[in-house]
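Input: a single structure, listed below in structure tokens.
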Amino acid sequence: MCGNDAMSEAAVRAGCRYYFGYPITPQNEVTAYMARRMPEVGGTFIQAESEIAAINMVFGAAAVGARAMTSSSSPGISLKQEGISYLCGCELPAVIANVVRGGPGLGSIGPSQADYFQATRGGGHGDYRTIALAPSTVQELVDLTFLAFGLTEKYRNPALILSDGILGQMMEPVTLPDMADAEPPPKEWALTGAKNRSPRVIKSLYLDVTRLEKHNFKLREKYRRIEEEETRFEEFRMRDAEVVLVAYGSVARICRAAVRQAREAGEKVGLFRPITVWPFPYEALARAADTARLFLSLEMSLGQMVEDVKLAVAGRRPVRFYGRTGGCVIALEEVVKEIKKLREEIS
Amino acid sequence: MMEEGNERSRRERPQDSPERNVLGRTPSLKDVPTHFCAGCGHGIVHRMIAEIVDELGIRERVVGISPVGCAVIGYDYWDFDVSEAAHGRPPAVATGMKRARPDLIIFTYQGDGDLAAIGTAELIHTANRGENITIVFVNNAVYGMTGGQMAPTTLEEQVTKTTPVGRIVSDCGAPLKVPEMISPFPGTKYLARTALNSPKNIMTAKRCVKKAFKCQIDGVGFSLVEILSPCPTYWRVSPLDALKWIEEKMIPYFPLGEIKTP
Amino acid sequence: MARVVVQRDRCKACGYCVAFCPKSVLAMSNDLNIRGVHYACVVDKDACTGCAICGMVCPDVAIEVYR
């Protein structure tokens, strides 16, 4: 299946029955798939009038207790930022998929990783975090989309799937999960009509500033719990690695091949791959700095994740960056060349 | 100056004839003072909606969506499920809610900025899709919460913070007539414009809003009722003069009546 | 027999009830309430017919009507 279709089916398998979206390349396969698939499973598909309308439809469906999703690509995700901030402030579950493309502005339709800051620092206003999952294969896109629905409901916080223009189009064999129960568990906060209970309110407005502070502290506690329990990463050939490549998403695939090639030539190179970019695996990466001699962050951007790598490494080892941007994909040869350059530097 | 009857006193009930309370606070309206200015129409419309909810017996399945604006804290006044929404987006939120829970009665409560400025796209497309929801549109021709700026429905020559010499149509455009604008859509079923400037008009407003809710309950489709409402504070007049202003200036431009019926 | 009860401290003195009462039952008081305004009060209770217009126009739901 192609990535976009697989992600869509995984959402359906996870019990998502409400999809609201808007066309934008390179995720138009998602809207087409959902338009056909949602009616098949008794769900609802709406092509909204804009990405803003779509995220607010998600807000509405989530507020009444439904499992809802939207998807878009970079410029459209920018439009959704206010809605995402509201979802976090109101503690509503929702899944938002970003099939990242070249930017800034209208950019290109090629793959990119330049929405990392937007995804991990919270692109909207206020102190909030979205759980951000970064698959690097179509199978992982399926697994992480399925997981996203579980996490978003568990924590009452939006979850972001960071796909990209290549992953969305890529065709790979996948094993799909079984269909989950479409009926979401009852929520003691959802607006279902005040029958046999006192009325409920969904809001993020607290004009009393000490109350808002308290609410923010509550969110912070939640984010701490997510950091403690949901951080995910992969270490490939890391045990005695001197040069550590740090990469996520589709760039990590290329780096994995580069690491294999390097190891075949007897070079001690490893790959550290964050799977959740928020929460970022700072502790595990810091541990790698005990033995590694140099870190190379590789991204399809001007360098965003590299700042988190530097935070983790905390000045103990040099951190370098290599990237391509605008929609250009990093080629294997480029990674190999960079590794060679850096190994010369440390020898 | 006689001031009897000022105290809340049920002990004053006459012995010889059973007395009944013919008008008081309806259960879905919380017994709390409101933050609205003296003479503000929001108080009347909030009460109106609460009465309609109770009269139609839908308190247990109604969900209201508050706007951004003076009416942002509707959930502090209504005693049923209410959600906040980002500015202008209540129709989209309502769409998501109604599609997920068609059994719930969903209404939005929106001011002129929320509905007809930032929320125009959501208004048009929710109406065009014919979502079976109800929009209560409180039009007071100004942005109250933020201090009195021009609204899409501010009248020509009306002075506001951002039209200090009065609204100039060649620069700002003409005031928008919302029900007329969405009337051509096949998806819109019941559209009305009412006003709060007299007891008769208030009663008509309540009838129309109730009809709109009934429209939704009966599954007929999208309904919107515009209510011309006084804002004494930012029109810079007394409450009674504000009602006069509605009669003399607003109604001639925004004609009252049912613009579309099912 | 009809009467109205005005909740003095909820009244914001908008004047609607006084203006619309067909029988001039209400007037603005000389005194101030806790909000610092001349609240509406009953000045001619015998004239009240219980039409409830005052209660209906009150934005603050400060008036109860009994018949």
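The values are calculated or read from the model by the stated rules, or taken from the named source; none is laboratory data. Predicted, not measured: the structure shown is a model, and the values here were computed from it. When we count neighbours, we look across all protein chains shown, and the Cβ atoms used for this are built from the backbone with ideal geometry, even at glycine.
Restricting B:Gly88, B:Gly39 to residues that are small (Gly, Ala, Ser) and closer than 30 Å to A:Ala54 by Cβ narrows the list to B:Gly88. Scanning the range B:120-141 for residues that are more than 18 Å from B:Pro102 (Cα to Cα), touching a helix residue (DSSP H, G or I) at 6+ places or on another chain (Cβ under 6 Å) and assigned to a helix (DSSP H, G or I) turns up B:Glu122, B:Leu123. Scanning the range C:45-67 for residues that are farther than 22 Å from B:Ser198 by Cα and under 12 Å from the mean Cα position of the chain (by Cα) yields a single hit, C:Lys45. Being facing chain B (nearest Cβ under 8 Å), touching a His at 6+ places or on another chain (Cβ under 8 Å) and under 15 Å from B:Pro33 (Cβ atoms), is that true of even one residue in the range C:15-37? No, the conditions are met nowhere in the range C:15-37. If you filter the range A:28-60 down to residues that are farther than 17 Å from A:Ala6 by Cα and part of a loop (DSSP other than H, G, I, E, B), you find that the one that is nearest to the other protein chains (Cβ to nearest Cβ) is A:Glu49. Just so you know, in the range A:123-150 the residues that are within 20 Å of A:Val30 (Cα to Cα) and of a type in the set (Asp, Glu) include one that is surrounded by the fewest Cβ atoms within 10 Å (Cβ to Cβ), and it is A:Asp143.
Within the range A:76-111, the residues that satisfy the criterion of being assigned to a loop (DSSP other than H, G, I, E, B), buried (at least 20 other Cβ atoms within 10 Å of the Cβ), of a type outside the set (A, V, I, L, M) and within 14 Å of chain B (Cβ to nearest Cβ) are A:Lys80, A:Cys90, A:Pro93.
Being hydroxyl-bearing (Ser, Thr, Tyr) and surrounded by fewer than 24 Cβ atoms within 10 Å (Cβ to Cβ) is a property that A:Thr120 lacks.
Candidates are the residues of the range A:32-60 that are buried (at least 24 other Cβ atoms within 10 Å of the Cβ) and in contact (Cβ under 8 Å) with a residue 40 or more places away in the chain; the one that is nearest to A:Leu92 (Cα to Cα) is A:Val58.
Cβ-Cβ contacts under 7 Å between residues 6 or more apart (or on different chains), taken from a first residue in the range B:235-258 that is within 14 Å of chain C (Cβ to nearest Cβ) to a second residue that is surrounded by 22 or more Cβ atoms within 10 Å (Cβ to Cβ) and among the hydroxyl-bearing types (Ser, Thr, Tyr), are listed as B:Pro239/C:Tyr16. Of the residues making up the range A:61-75, those that are under 21 Å from A:Ile202 (Cβ atoms) and either in a helix (DSSP H, G or I) or among the polar types (S, T, N, Q) (or both) are A:Ala61, A:Ala62, A:Ala63, A:Thr70. Note on the range B:1-111: enclosed strands (runs of 3 or more DSSP E) holding 1 or more residues that are at pLDDT 95 or above are B:62-65, B:81-83, B:105-111.
Looking only at the range A:6-23, residues that are of a type in the set (D, E, K, R) and within 18 Å of the chain's Cα centre (by Cα) come to 1 in all. Confirm whether A:Leu298 is touching a residue at least 24 places away in the same chain (Cβ under 8 Å) and either surrounded by fewer than 19 Cβ atoms within 10 Å (Cβ to Cβ) or hydroxyl-bearing (Ser, Thr, Tyr) (or both). So A:Leu298 does not fit the description; no. Scanning the range C:38-57 for residues that are more than 7 Å from chain B (Cβ to nearest Cβ) and either assigned to a loop (DSSP other than H, G, I, E, B) or closer than 18 Å to B:Ile202 by Cβ (or both) yields a count of 8.
A:Ala63 fulfils the conditions (1) surrounded by fewer than 24 Cβ atoms within 10 Å (Cβ to Cβ); (2) at the interface with chain B (Cβ under 8 Å from one of its Cβ atoms) except for a single criterion, (1).
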